[in-house]
1. Quick check on segment 172-263: take the gyration tensor over C-alpha atoms, sort the square-rooted eigenvalues as a ≥ b ≥ c, and tell me if it's rounded (a/c under 1.5), prolate or oblate.
2. Hey, how many Å between the Cα centroid of segment 57-81 and the Cα centroid of segment 180-206?
3. Which of the peptides 236-244, 102-110 is most tightly packed, and how do the rest follow, judged by the mean count of other Cβ atoms within 10 Å per residue?
């Protein structure tokens, strides 16, 4: 029987420990690469990442946009499904919530009775209800508002409200206004949004020109955009996921007339 000296025992124990330490170091090196197994966008510089995201969004067929936008002193909470030929969803303002549906150029608005009430207490009156667009009595006005409530009303294309409301349903218009960053672009941190790994790009060191999170999995779609100056944050999801669009049935629609009330 061979008797190992103390030094031999130490060397024999050190070898497996050294191999184990090397393995741990190798695994740690792999884990510290946040772009391992991704689409590689995270390895690009900030302008290239933004360009990749814009190209992906421009080529998309559909998207869901949800979040809050602040514009001209007003705050709008959006939950819209958008595609090139139309959209559906809801918009919430300080005083009301209404639904929008656009099929081609045909735009429909749906809201509860309170939405159709005028600030002075009078109410909107739809065509065919015996009114001319306004009611002379509170009772008649409330009845008209109740009639309009929760019904789809087609927005006339020459109505001043048409362009503004349609803007909430225009996929290209909304994305063009949201994805573009301003100022010198700076690469930010890695993150996870909706279970997907992302890389952040900021407009300026303090994100005064906006902040964009881009997917590191599959197509590099933008997944979240924060507008500069605290002007809102939106989440972009369900990219290229199609959804049905159809005009409301006749029994779900009412014709308001030539011009909607300025509520």
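Readers should treat all values here as calculations from the given coordinates under stated rules, not as data from a laboratory. Note that this is a predicted model, so its numbers are computed, not measured. In this analysis, Cβ positions are derived from the backbone assuming ideal geometry, glycine residues included, and neighbour counts consider all displayed protein chains.
1. Oblate.
2. That distance is 18 Å.
3. Ranking the peptides 236-244, 102-110 by packing returns 102-110, 236-244.
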